[in-house]
Every structure is written in C-alpha cells, then in structure tokens.
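Quick notes on the structure that follows.
What follows draws every value from the coordinates through simple rules; no lab data is involved. The model shown is predicted, which means the values in this text are computed figures rather than measured ones. Note that each Cβ is placed from the backbone with ideal geometry, even for glycine, and that neighbours are counted across all protein chains shown.
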Amino acid sequence: MLLHQHFIDIAKTFKNKQAIHDFSTNKELTYSRALIACLILTRIFKKMKPGFIGLMIPTSAGCILSKIAILMSGRVPVMINYSTGAEQNAKYAQQKCDFKTIITSKALLEKIECPVIDGMVFIEDLMASISGTDKIRAALIAAMPASLIKKIIHQGTAEDSAVILFTSGSEKDPKAVQLTHRNILSNIEAVTTIFGFRSEDVFMCTLPFFHVFGLTVDLWLPIFHGMSMLTYANPLDFKKVCSIVRDHKASFLVGTPSFFWGYLRKSEPGDFNSLRIALTGADKCPDALRDGFKNKHNITVYEGYGATECSPVISTNTPEFNRPGSVGKPIPGLEVRIEHYETGKECAPGEDGRILVKGDSVMKGYFNDFEQTSLHIRSGWYDTGDMGNIDPDGYLWHVGRLKRFVKIGGEMVSLVKIEDVLEKYLPEESHCCVVEIPDSKKGARIVAVVTTPLDEKDILKKMAQHLAPISLPKIFLVWESLPKMGSGKIDFRTISELARQQLSRTTIS
C-alpha cells in the first residue's frame, strides 16, 4: 500500500465528511472535494520534470493537497523549511537533491520577505490556470471506483521514497532524509495501536509539514484514518490555536514544549476540554509545563521521542503507560538498544549509552550520501546520536545528544542534566539553555543562557546539591529569548555561536 493510494480509499469511504478546515484561508474541504483537487493538481504536476519537486507552503489545505498530488503524479516531494533562511534553504535543497521546480506561494514569500528564486512556481498561478474542463474531468475520474482511479495515477512500491526531509541543522548542515511509504505507514500503524486512533478524532494541525513530526502526525496520520483536520499555519498564534481547539472540539494536539508553553499562557479554563490526547516532543518536556497543564486544565501532557530518520516516533508515553520524565516505551515493531558509547556493548538497565533503533520506520538512507548513511546505519541499527537508558520497566529515558555531553576531567558531563537542575530554580516562565564554549586558554567552559536575571551565587549553591563541581556553569548570560528552529526546537548551533561571540567581545573589551 502507498500513502496516496490509501488516501483515495479514504476519500471514497468518507466522501461527504469534512477533511480539512483551513483557518488560514477560511476554506473547508470534504474528502470528495479534496480528491478532485488532488486529481486536478496531479495532471498539472505530471507535465513537470520527473523526479523531485520542492514544496514550500505553510501548513494548509494547499500544502496537503499538493503533497498528495505530487506523489500521485509519480514525483517525490522535497519539503523546504520556510521559517528561517527560506532563500538559503530552497537553494540548498535544489543543490543537494539536484532539482529545480519548487511549488510555493506568493503570499508566503511576501510575508517572510523571501526573494523569488529560479525554479519557483506559484500555487496561486496554478490554481488560476485551472479551467472548467479540468474540473469536470477530475470530477468524472473521482466518481470512478477507487480501484480504477489507482490505475490512472502513479503506482510504484512501498519501498519508493514518499518524501525528502531535511534534518534540523541545529548542530550542523542539514542532511536529506529519504523516508519511504513503508517507513511512514509502519510508524502510523504502530502509534495507532497504542493510542486507539479512530476516524471520529479531530486533529488540530499546526506543526509545519517540513518537519517530520508535523508531516507524519499532523498530515498522514489523520488522513490514514479519515479524520477531520483543523489546519492553521501559525503555531505561534497561541490564542487563536486555543480558540480553534475549543470551538471545533479537537481531540488531539501535538507540539513542541515551546508551543505548549504558549498554549498554557494564552488558554482559558475549558479551552482544552475536548482533548483526548495532548502530546509533546522534539525537545524535553519540563516538569513545570506538565504541572501547569494539570493544574490549569486537569490535562496530562504526554511526552514522546523520535527522529526524522525514524519517521519519526521511537517511543512515547500513553494513557496506559505513562512515566513522567521518561519518553515512554518504544512503539510496537521497533527495537531499541542502548549501547555503551566506547565499548559498543549493550548497556545494563538504567545505564546510559547510545540509543540505537531498528525496524520498518527507519529511513532508506540519506539522499546521495552513502558515507553518512553508513556511519548512522550499521547492520540495520540506526544510531540516533542520542544518549539514554532503559529502566527495568521498559521506559526509555533520553538524557541528551551525545554532542550535548562534554568530557571534563575524564568524566562525561551532560548539558541536558545541568539544564534540568537549573530549570527547577528558575522563575516561572523563564527558560534556559546550557552550552559548551571552547576556550584555548581556559579549556571548555559550561555557559548557561537564561531569559531572566538571576542571583548567580544563590543558584549555584542550590545546583551544587545535585551536581558535581565540574558540572556547574562557569558563566551565566541573560538574553531576552532563546533562538529556536521553525519547528520550535531550541537552536543549539545558533546559541553556541552567539554565546561564543558575546564572550569574545567581553574578553576583548
């Protein structure tokens, strides 16, 4: 089964049901109308060069329909991050994957002040070019049995690439991840069994589709079950998202902790009464965030863990199995192994090591990058680059990227653990990020960036109760906010660079 073929089955099954309510454009589409629109776009995309087609459109009906139609035309969508550095990201994608055409939006380019680059095709122009004949032809095809429609569109195999996504680039240049139809479908089927998803669920979809969390969980998962999708392109418009959830009775909301902080601050009691599941991922969920939702809304926020290369869900807490602080139990069908970072031997329960993953959700590989693929996938096991442990009860505990460990005095020091301790003593709604700044004279320095001024001596005294002296921050920097990626994840790469520059200026002066 392929994703776009399954969409046809769903569209025929739930013809008159609302598929998408797009709150950015105030458009509503039934599954029947969505199928017709996809068939129209498929005919357009078939005239374009075979291979990859870039897609740079915000979370909306237009992006969903284009994504499906690109697959139906036999092309592969390359999802482009428009949130930061759109021009650079678009050119990087074209160069990395050797293609030219990018479907985008005039309104988006104007809003983000991105110049038009060679190869861009505007969705507004495509829609304006559609004739009455095009609509009638598509409607006639949509009225045919699903089996016949599938013969008209691209077929292919489950091992074909369904998308090219780029890693976040929060630590180094993004890699092009190839996810197949089998990868994404196996991930959806696994999480369905543990959350009991059904067609009656209503998804609040705010995450960008250029991020795997949004693509799988906010797009393909609801389509797989024939759910209704409430799309809104701006996840930072917290008040609006809360009102959509309340007024349209969403049952499922996912996001990063930074988004959930916004929802907590801007929501009113009762806004989230319809939610069956509130799930956070991509960054560690602070205890204060969980407590805030429990106290204000009597809602349990569940935490999950994943990776772009794993389509993405690796593990998650659920209503049945929830251990706050952990990232839950591995999903069905995925094996997780904890390997000692030096010896390569399997770690004992509770012992920290590299997190390795094996299963159908693991990517085909990095596009045109055999070296990086070979480094990350060994004997079928994908090395996440993360450190963690599995406790005796089978819960996975994520303790940070291996790159977020520093070796000081022969000891491996976790920057994430330092953040966890520091967060306990921060004022409400204050945030922090701990980074390592190399210094040729003083050696590595642990620097804490916080968003509110602190009594450093008092904080360090309290932190010393939980951390060894070598783990205590040497310097505190106060910034108005922490740089984030478009997905809402903390941008460690930018924070480290800005902190290094600030300390360099301080040293010079």
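Of note:
- For segment 327-403, averaging the sequence separation of C-alpha pairs within contact (under 8 Å, six or more residues apart) and dividing by the residue count gives a relative contact order of 34 percent.
- Among Asn298, Leu230, Asn26 the positive-end extreme of the charge dipole of the chain (Cβ point charges): Asn26
- Across segment 267-384, C-alpha contacts under 8 Å between residues 6 or more apart give a mean separation that, scaled by the residue count, equals a relative contact order of 17 percent.
- Computed from label points 7 Å out along Cα-Cβ, the spacing between Tyr341 and Lys457 is 3.4 nm.
- Net length gained if the chain between Arg500 and Ala288 were fully extended (0.36 nm per residue, minus Cα distance): 73.4 nm
- The chain: relative contact order in percent, alpha carbon pairs under 8 Å with at least 6 residues between: 11 percent
- Loop-located GluC sites (Glu not before Pro) in segment 161-202, at most 13 other Cβ atoms within 10 Å (DSSP): Glu200
- Projected-area mean, segment 327-403, by convex hull of Cα positions, square nanometres: 5.4 nm²
- Computed E for Glu371/Lys15 - FRET, C-beta separation, R0 41 angstrom, nearest 0.05: 0.25
- Sorted largest first, the spans of the alpha carbon positions of segment 409-508 along the three principal axes are 36, 35, 25 Å.
- Each principal axis of the Cα atoms in segment 41-195 has its own extent, and those three values, largest first, are 48, 42, 30 angstrom.
- Loop sites in segment 45-122: GluC sites (Glu not before Pro), DSSP, at most 14 other Cβ within 10 Å: Glu113
- Estimated inter-spin distance, Ser379 and Lys403, nm [label 7 Å along Cα→Cβ]: 2.7 nm
- Using the Cβ-Cβ distance between Ala468 and Ala139 with R0 set to 60 Å, the FRET efficiency works out to roughly 0.30.
- Stretching the chain fully between Val121 and Ala444 yields a gain of 111.5 nm (0.36 nm per residue, less the alpha carbon separation).
- The length gained by stretching the chain between Ile130 and Glu429 to full extension, at 0.36 nm per residue less their Cα-Cα distance, is 102.7 nm.
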